[in-house]
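Below is one structure, written out as structure tokens; comments come after it.
The values are calculated or read from the model by the stated rules, or taken from the named source; none is laboratory data. It should be emphasised that the depicted structure is a prediction, and the values quoted were computed from it without experimental measurement. Glycine also receives a Cβ, built like all others from the backbone with ideal geometry; neighbour counts cover every protein chain displayed. Surface accessibility is based on the protein's heavy atoms, side chains included, excluding ligands, DNA and RNA. Shrake-Rupley method; radii C 1.70, N 1.55, O 1.52, S 1.80 Å.
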Amino acid sequence: MTHPLRLHPDRLFPADPETRAVARRLYAEIKDLPIVSPHGHTDPSWFAQNQNWANPAELLITPDHYVFRMLFSQGVALEDLGVPRADGGPVETDPRKIWRLFAERYHLFRGTPSRMWHDWVYSEVFGIDVRLSAETADHYYDIIDAALKTDAFKPRALFERYNIEVIATTESPLDPLEHHAAIKASGWTGKVVTAFRPDPVLDPDFEGFLDNLDQLSAITGEDARTWDGYLAALRNRRAFSASHGATSTDHGHPTAKTADLPDAEIRALFARVSSGPVSSAEAELFRAHMLTEMAAMSLADGLVMQIHPGSFRNHNEVVFQKFGRDKGADIPTQTNYVADLKPLLDRFGSEPGLTIILFTLDETSYSRELAPLAGHYPALKLGPPWWFHDAPEGMRRFREQATETAGFYNTVGFNDDTRAFLSIPARHDVARRMDCGWLAKLVLEHRMEEDEAHELARALTYDLVKAAYKL
Ligand SMILES: [Zn+2]
């Protein structure tokens, strides 16, 4: 038996009719604003080459760690989802079989944001009107597969249909950014910019760190195994990234630790870090110092700094050995901001010309640490609920715990932070609806007037993100 697929027009709005009526009015004003996507992980080659995606599984399942994390937790082998193995060993290659495996287990996603994002894609993008299940798996596959072979579903066509004003991808300093150059040279008007993510050359624990330093030397002509050459090479690649549209850097360190070491100490530490394996304490101290160096460079070159700490990467050793990084095995940890950011803030926290956007996977820090920090330091702003918290409940908890101290204007709108290109509008729509619901509540409690709520709905959707990220 099949069931209809319906997206209710009031989804995610408050259930109380009076509040819902205000939320509807706020949402009507902002729902069609262009998408500004300042941080994410889409593949720039899609927009450079504008080729059709190969099939539904390759587009919607195999690259989406939200999807295969859940399936893996319920006993599905990653090989059976076509996830490539590090050793090149055999994995499932029949996209229809992969799709069926997912469809049969779609009920596992009930109550999760993945379910909302996927349903939006099926209904709004592909016009499907029955719910995904084992019985409808082939119906879905045939419709999506046929659509993906058409011009209307090529990356640039969808980019335009989605009303994306600008999207940022994320690249390493070692990336030649040839796809960004190709997009620019093509004459297409879609705006795709890069963001500078230096973890591969800032983190001694990153796979291949020493080789990465040598690559950094080779592409910059600096000797990145000397401290002065290393800093010059980093400045060089930041400028290169900015010349391909970057307005931001991004730092995915395990903790928010910062340090500001005296010159002799950092030179001695770099000599050890750049010549061989170091202890985890030395690696942590080096990353900590480099965040402060990055803030200094941001003050000079104007790149907005994003810090995404608190993820214990590759927690599942077996999965990491077999499949490599980014396989849904990153787990949040407790994060300390107050003590850990102090060395950086002592030097740069009061600089109004610097923007550091803080993210967290540790929600206990919102009202205790993050909102008070961002509600004081001119350099600090709060990023939106991230990753595990990019969900209706996560958004509600963020507004409830951060607004009282940081207000709205120390926040920066929404980030979709995704490689799942098809669901980008769905993700932004969830944030828009949740913000309108939250603002409606404040109006109904007579804590602000409705005209102020309208202004804020627009700011949270569009104005604040453009201003904070200089887009
Ligand atoms: Zn990200």
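Taking the condition of being open to solvent by less than 10 Å² (accessible area, probe 1.4 Å) and assigned to a helix (DSSP H, G or I), how many residues in region 367-379 meet it? Spell out how you get there, then give the answer.
First, pick out the residues of region 367-379 that are open to solvent by less than 10 Å² (accessible area, probe 1.4 Å): 370-371, 374, 379.
From the residues that got through so far, the ones that are assigned to a helix (DSSP H, G or I) too are 370-371, 374.
Of the residues in that region, 3 qualify.
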Subject >> Unmet requirement for residue 245, which otherwise passes all of (1) within 16 Å of the ligand (Cβ to nearest atom); (2) over 13 Å from residue 202 (Cβ atoms) >> reply: (1)
Subject >> Hits in region 237-251 - residues which are in a strand (DSSP E or B) and touching a residue at least 60 places away in the same chain (Cβ under 8 Å) >> reply: 248, 250
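Looking only at region 34-56, filter to residues that are under 25 Å from residue 468 (Cβ atoms) and part of a loop (DSSP other than H, G, I, E, B); which one of those is farthest from the ligand (Cβ to nearest atom)? Walk me through how you get there before you give the answer.
Residues of region 34-56 under 25 Å from residue 468 (Cβ atoms): 34-44, 47.
Right, trim to part of a loop (DSSP other than H, G, I, E, B) and you get 34, 38-43.
Values: 34: 21, 38: 11, 39: 6, 40: 7, 41: 6, 42: 11, 43: 13 Å.
Among those that are under 25 Å from residue 468 (Cβ atoms) and part of a loop (DSSP other than H, G, I, E, B), it is 34.
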Subject >> Single match in 66, 27 (criterion: within 16 Å of the ligand (Cβ to nearest atom), in contact with a helix residue (DSSP H, G or I) (Cβ under 7 Å, 6 or more places away or on another chain), assigned to a helix (DSSP H, G or I) and open to solvent by 20 Å² or more (accessible area, probe 1.4 Å)) >> reply: 66
Original post:
Do we have residue 185 as crowded, with 17+ Cβ neighbours inside 10 Å and among the small types (Gly, Ala, Ser) here?
Top reply: no
**OP:** Could you check how many residues of region 436-467 are free of Cβ contacts under 8 Å to residues at least 60 places away in the same chain and assigned to a helix (DSSP H, G or I)?
**Re:** 11
Original post:
For residues in region 304-318 being open to solvent by 10 Å² or more (accessible area, probe 1.4 Å) and not in a strand (DSSP E or B), which is nearest to the ligand (Cβ to nearest atom)?
Top reply: 313
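Residue-wise test of (1) touching a Ser or Thr at 6+ places or on another chain (Cβ under 8 Å); (2) within 16 Å of the ligand (Cβ to nearest atom).
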residue	(1), (2)
254	yes, yes
260	yes, no
280	no, no
290	no, no
Original post:
Which of the residues belonging to region 79-113 are polar (S, T, N, Q) and open to solvent by 40 Å² or more (accessible area, probe 1.4 Å)?
Top reply: 93
Original post:
Of all residues in region 409-424 being more than 12 Å from the ligand (Cβ to nearest atom) and of a type outside the set (A, V, I, L, M, F, W, C), which is nearest to residue 56 (Cα to Cα)?
Top reply: 423
Original post:
Looking only at region 114-130, which residues are more than 20 Å from residue 76 (Cβ to Cβ) and either within 26 Å of the chain's Cα centre (by Cα) or surrounded by fewer than 18 Cβ atoms within 10 Å (Cβ to Cβ) (or both)?
Top reply: 116, 119, 120, 121, 122, 123, 124, 125, 126, 127, 129, 130
Original post:
What are the residues in region 380-413 that are of a type outside the set (Lys, Arg), surrounded by fewer than 22 Cβ atoms within 10 Å (Cβ to Cβ) and assigned to a helix (DSSP H, G or I), if any?
Top reply: 387, 388, 389, 392, 393, 394, 400, 401, 403, 404, 405
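Tell me, please, whether a residue that is over 25 Å from residue 196 (Cα atoms), open to solvent by 10 Å² or more (accessible area, probe 1.4 Å) and either without any contact (Cβ under 8 Å) to a residue 60 or more places away in the chain or more than 19 Å from the chain's Cα centre (by Cα) (or both) can be found in region 414-429. Spell out the reasoning first.
Of all residues in region 414-429, those over 25 Å from residue 196 (Cα atoms) come to 426, 429.
Restricting the remaining residues to those that are open to solvent by 10 Å² or more (accessible area, probe 1.4 Å) gives 429.
Next, only the ones that are either without any contact (Cβ under 8 Å) to a residue 60 or more places away in the chain or more than 19 Å from the chain's Cα centre (by Cα) (or both) stay: none.
No: zero hits.
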**OP:** Could you check how many residues of region 252-267 are in a loop (DSSP other than H, G, I, E, B), of a type outside the set (Val, Ile, Thr) and in contact (Cβ under 8 Å) with a residue 40 or more places away in the chain?
**Re:** 7
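Do we find a residue being assigned to a helix (DSSP H, G or I) and under 22 Å from the mean Cα position of the chain (by Cα) anywhere in region 349-356?
Of the residues in region 349-356, the ones assigned to a helix (DSSP H, G or I) are none.
Checking region 349-356: not a single residue is assigned to a helix (DSSP H, G or I) and under 22 Å from the mean Cα position of the chain (by Cα).
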Original post:
What number of residues within region 209-268 satisfy the criterion of being within 14 Å of residue 301 (Cα to Cα), out of contact with any helix residue (DSSP H, G or I) (no Cβ under 8 Å at 6 or more places or on another chain) and surrounded by fewer than 17 Cβ atoms within 10 Å (Cβ to Cβ)?
Top reply: 1
Original post:
Within the set of pairs 6+ apart or on separate chains, which have a first residue in region 378-402 that is among the β-branched types (Val, Ile, Thr), a second that is more than 16 Å from the ligand (Cβ to nearest atom) and open to solvent by 50 Å² or more (accessible area, probe 1.4 Å), and C-beta atoms under 6 Å apart?
Top reply: none
Subject >> Lone qualifier among 90, 38 - being free of Cβ contacts under 8 Å to residues at least 12 places away in the same chain and either of a type in the set (Gly, Ala, Ser) or in contact with a helix residue (DSSP H, G or I) (Cβ under 9 Å, 6 or more places away or on another chain) (or both) >> reply: 90
Original post:
Does residue 192 satisfy the condition of being in contact with a Leu (Cβ under 9 Å, 6 or more places away or on another chain), among the β-branched types (Val, Ile, Thr) and at pLDDT 95 or above?
Top reply: no
